[in-house]
Amino acid sequence: MKIVDINHIKTITSQLKAAGKTIVFTNGCFDILHVGHVRYLNAARDLGGCLILGLNSDQSVRALKGPTRPINTQDDRAEVLSALSAVDYVVIFEESTAENLITQIKPSIYVKGGDYNIKDLPESSIVSHHGGKTILIPEVIGKSSSNIIKKIQKD
């Protein structure tokens, strides 16, 4: 199963590293899947041998985005994301940042969208401390869950 419990991710990553896989990690809400997400995840997967996606829980999405989000439940989002060929594993986490998850996984590469700044990502220093690097992938301009929600509300 591609959706894994947070308590098992450390064991899985240890096995992947022992097999010589380069672990790429990304995280986010991925509330309404769109072309920007798909292009981003494909680009992230191309950077290594295994892409692990940390998915914000419903509770953490509400804390980050407000009381009307997420639109889709964490289980639905996880299932949709796990169906993508670019994604090897999905793990749901409760915190607003992926710092604790990254500490467990210790990825070789941490990926975020180009709308972020590396110095503003608390996860980046943890990745660097463990010998990894952070890479920003350019965003697909105009493609976001927020824009889709605005369009629906306008119509």
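Tally time: how many residues in the stretch 89-140 are hydroxyl-bearing (Ser, Thr, Tyr) and more than 25 Å from His8 (Cα to Cα)?
Restricting attention to the stretch 89-140, the residues satisfying the condition of being hydroxyl-bearing (Ser, Thr, Tyr) are 89, 96-97, 103, 108, 110, 116, 124-125, 128, 134.
Add one more test, that the residue is more than 25 Å from His8 (Cα to Cα), and what stays is 116.
Of the residues in the stretch 89-140, 1 are hydroxyl-bearing (Ser, Thr, Tyr) and more than 25 Å from His8 (Cα to Cα).
Which of the residues spanning the stretch 83-99 are touching an Asp or Glu at 6+ places or on another chain (Cβ under 9 Å) and within 15 Å of Ile6 (Cβ to Cβ)?
Initial filter on the stretch 83-99 (touching an Asp or Glu at 6+ places or on another chain (Cβ under 9 Å)): 86, 90-92, 97-99.
The answer is Val90, Val91, Ile92, Thr97, Ala98, Glu99.
Got a sec? Which of Ile12, Ile32, Ile105 is in contact (Cβ under 8 Å) with a residue 12 or more places away in the chain, within 23 Å of Gly132 (Cβ to Cβ) and surrounded by fewer than 20 Cβ atoms within 10 Å (Cβ to Cβ)?
Working: Ile32 fails: within 23 Å of Gly132 (Cβ to Cβ); Ile105 fails: surrounded by fewer than 20 Cβ atoms within 10 Å (Cβ to Cβ).
Going through Ile12, Ile32, Ile105 in turn, just one is in contact (Cβ under 8 Å) with a residue 12 or more places away in the chain, within 23 Å of Gly132 (Cβ to Cβ) and surrounded by fewer than 20 Cβ atoms within 10 Å (Cβ to Cβ): Ile12.
Which residue, of Lys21, Lys2, is under 14 Å from Val91 (Cβ atoms) and either more than 14 Å from the chain's Cα centre (by Cα) or of a type outside the set (Ser, Thr, Tyr) (or both)?
Numbers: Lys21 fails: under 14 Å from Val91 (Cβ atoms).
Only one candidate qualifies: Lys2.
Can you run down the residue pairs with Cβ atoms below 8 Å, 6 or more apart or on separate chains, where the first is in the stretch 43-70 and within 16 Å of Ile102 (Cα to Cα) and the partner is buried (at least 16 other Cβ atoms within 10 Å of the Cβ) and acidic (Asp, Glu)?
From the stretch 43-70, the pairs are Cys50/Asp88; Leu51/Asp88; Ile52/Asp88.
Could you check the stretch 110-121 and list, in sequence order, the residues that are within 12 Å of the chain's Cα centre (by Cα) and not aromatic (Phe, Trp, Tyr)? Steps first, please.
From the stretch 110-121, those within 12 Å of the chain's Cα centre (by Cα) are 110-113; that's our starting set.
Selection gives Val111, Lys112, Gly113.
Are there any pairs with C-beta distances below 8 angstrom linking a residue in the stretch 114-138 that is surrounded by 14 or more Cβ atoms within 10 Å (Cβ to Cβ) and of a type in the set (Gly, Ala, Ser) to a residue that is assigned to a loop (DSSP other than H, G, I, E, B) and at pLDDT 95 or above, with the two at least 6 apart or on different chains, and if so which?
What qualifies is Gly132/Lys106; Gly132/Pro107; Gly132/Ser108.
Applying the selection to the stretch 1-24, what residues are assigned to a helix (DSSP H, G or I) and of a type in the set (S, T, N, Q)? So that I can check it myself, show each step before the final result.
Filtering the stretch 1-24 for residues assigned to a helix (DSSP H, G or I) gives 9-18.
Matches in the stretch 1-24: Thr11, Thr13, Ser14, Gln15.
Residues being among the polar types (S, T, N, Q) and within 20 Å of Lys17 (Cβ to Cβ): count how many of those fall in the stretch 77-123. Even if it seems obvious, please write down each step before you answer.
Just the residues of the stretch 77-123 that are among the polar types (S, T, N, Q), to begin with: 82, 85, 96-97, 100, 103-104, 108, 117.
Still in the running and within 20 Å of Lys17 (Cβ to Cβ): 100, 103-104, 108.
Counting residues in the stretch 77-123 that are among the polar types (S, T, N, Q) and within 20 Å of Lys17 (Cβ to Cβ) gives 4.
The values are calculated or read from the model by the stated rules, or taken from the named source; none is laboratory data. Just so it is clear, the structure is predicted and the values come from calculations on it, not from any experiment. Cβ sites come from the backbone with ideal geometry, for glycine too, and all protein chains shown count toward neighbours.
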